[in-house]
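Asks: Sharing a structure, written as structure tokens. Questions coming.
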Amino acid sequence: MEKVHISTPSKDYPVFIEKEAIGQLESFLKDSNREVSKILIITDYNVGDLYLSKLENSLSSFDVTHYVVPNGEEAKTFEIYYSCLSYALEQKLDRKSYILALGGGAVGDLAGFVAATYMRGIPFIQIPTTILAHDSAVGGKVAINHPLGKNMIGAFYQPEAVFFDLNFLKSLPLVEKRSGFAEVIKHGLIQDFSFYEWLNKNITSLETLTDEQISFFLKTGINIKGAIVKEDEKENGIRRFLNFGHTLGHAIEAEAGYGKISHGEAVMIGMVYALQLSKAVTNLSFNMDHFKGWLSELGYQITVPSYLDPKKLLARMKQDKKSIKQKVTFVLLEEIGQPMIKELCDELILEELEHLYTYSG
């Protein structure tokens, strides 16, 4: 089994990457030298229909219950968060209980935040079912949304382990593959030019990904993120670089309405924008036409939807967690693999944003 070791100041834990990885979950829990009083699986309707019974069957030695939440970002609301806590209390979970997050990034964020706050924190395990979750499942960021901003209510809370069962990716629709692969590209752009070149050369279609390609880019992306989180768990320094593309991406998600545009596809538009800003601000040397052409071949939309107002997007960006005193900061690139943080004026933000409405591909 492929295994990546994540080391942070608060906790060390393994990430298992393999077909049938959940077959190792029961033995992992038994070998953890911790009593497990009960297990609560939090999943959504789509994933639950596909994989919940398989996961429950793999945990036959334990007392297991489950709670099903709405799909996607609709799960990350105060109401759903509260209902999960209520269910955990009704089921009499205690401090020796575990929460398992079975699903994509939204379920992982929600379930992790439930675990972080229930009885001031109980153990949880991430079981991602999307490519996108290779990023969100590692690093301990857990949160729910607020109507005024994404992931505004949350915590840093590391899982006990991550089980990435590659069989769960087979049922992913193309839009989910596209969403997840955006974060893979991000890791190459901010940290590893050779990895970006490998992706650019070898991934020409998201419909024909092989198990070997998926395993390689998941492991590489998780290693990149793990190294950053090891240095900066609480996002006081270099971990902010992982927000590349997210300033505009989160604004697009919020302004369009959560769930209307997938997280990864919104972030991809944000990355195109951040690269464009980098060329204007840091004189980044990068072939944007080639990059945009590759993204178009992979099926990405690389322009801001015409129904989104630039000034409203700017207002959303000013509400971003990274903004201070209504000044918007961006992760830019001096070179591929060399990120930096830069505060930009409103005039430049709007001027460059306008160009993202007119590019035709």
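Coordinate-derived values only; no laboratory data. These numbers were taken from a predicted model, which means no experiment stands behind them. All Cβ positions, even for glycine, are placed from backbone atoms using ideal geometry, and neighbour counts span all protein chains on display.
Asks: Would you calculate the separation in nanometres between label points at K11 and E197, each defined as 7 Å from the Cα along the Cα-to-beta-carbon direction?
Replies: 3.8 nm
Asks: May I ask you to derive the relative contact order of the range 2-169, considering only C-alpha pairs under 8 Å and at least 6 residues apart, and to give it as an integer percent?
Replies: Values: 344 pairs, mean separation 44.1, N = 168.
This gives 26 percent for the range 2-169.
Asks: Exactly which GluC sites (Glu not before Pro) in the range 141-239 are in a DSSP loop and have at most 13 other Cβ atoms within 10 Å? Numbers along the way, then the final one.
Replies: On the way: sites: E160, E176, E183, E197, E207, E212, E231, E233, E235; in loops: E160, E207, E233, E235.
Qualifying residues, ordered by number: E207.
Asks: Work out from phi, with θ = phi - 60° and the Karplus expression 6.51 cos²θ - 1.76 cosθ + 1.60, the ³J(HN,Hα) of each residue of the range 156-163, listed in order in whole Hz, and give x for Gly and Pro.
Replies: My calculation for the range 156-163 gives 9, 8, 7, x, 7, 5, 10, 10 Hz in order.
Asks: Turning to a different aspect of this structure: All other residues with a Cβ under 12 Å from the Cβ of S262 taken together, and with Lys, Arg as +1 and Asp, Glu as -1, what is their net charge? Write down the numbers at each step before the final one.
Replies: Details: positive: K177, R178, K260; negative: E73, E176, E183, E253, E265.
Taking every Cβ under 12 Å from that of S262, the sum is -2.
Asks: Let me ask something additional. Report for the chain the percent antiparallel among DSSP-assigned beta bridges with both residues inside it, nearest 5.
Replies: Details: 19 of 41 bridges.
Roughly 45 percent of the DSSP beta bridges within the chain come out antiparallel.
Asks: While we're on this one: What does the highest-first list of 142-152, 5-15 look like by mean Cβ count within 10 Å? List each step's numbers first, then the result.
Replies: On the way: 142-152: 18.6, 5-15: 15.5.
With the highest mean Cβ count within 10 Å placed first, the list reads 142-152, 5-15.
Asks: If you find the alpha carbon centre of the range 167-234 and of the range 286-345, how far apart are they in angstrom?
Replies: Cα centres, the range 167-234 to the range 286-345: 19 Å.
Asks: Using Cα pairs under 8 angstrom and six or more residues apart, how large is the relative contact order of the range 174-355, in percent? Can you show the working numbers first?
Replies: Working: 235 pairs, mean separation 47.6, N = 182.
Reported relative contact order: 26 percent.
Asks: Arrange the peptides 248-254, 127-133 so that the one whose residues have, on average, the most other Cβ atoms within 10 Å appears first. It would help to have the intermediate numbers written out before the result.
Replies: Working: 248-254: 25.7, 127-133: 27.7.
Ranking, from highest mean packing down: 127-133, 248-254.
Asks: In debye to the nearest 20, how big a dipole does the chain give about its Cα centre with +1 on each Lys and Arg Cβ and -1 on each Asp and Glu Cβ?
Replies: Details: 37 positive and 46 negative charges, 162 e Å.
Here the size comes out at about 780 debye.
Asks: Related question: Starting at the first residue of the range 225-234, write each ³J(HN,Hα) from the Karplus equation 6.51 cos²θ - 1.76 cosθ + 1.60 with θ = phi - 60°, in whole Hz, x for Gly and Pro.
Replies: Once θ is set to phi - 60°, the couplings for the range 225-234 become 5, x, 5, 5, 5, 4, 7, 8, 5, 9 Hz.
Asks: Work out from phi, with θ = phi - 60° and the Karplus expression 6.51 cos²θ - 1.76 cosθ + 1.60, the ³J(HN,Hα) of each residue of the range 184-193, listed in order in whole Hz, and give x for Gly and Pro.
Replies: Here the 3J(HN,Hα) series is 5, 4, 4, 4, x, 5, 8, 9, 8, 4 Hz.
Asks: Sticking with this structure for a sec: With only Lys, Arg, Asp and Glu charged, each at its Cβ (+1 for the first two, -1 for the last two), find how big the charge dipole of the range 2-169 is about the Cα centre; round to the nearest 20 debye. Each step should come with its number before you reach the end.
Replies: Details: 14 positive and 20 negative charges, 96 e Å.
In total the dipole reaches around 460 debye.
Asks: Just subtract the alpha-carbon distance of D49 and L85 from 0.36 nm times their residue separation and send over the number in nm, one decimal.
Replies: On the way: separation 36, 0.36 × 36 = 12.96 nm, distance 2.23 nm.
Length gained, D49 through L85: 10.7 nm.
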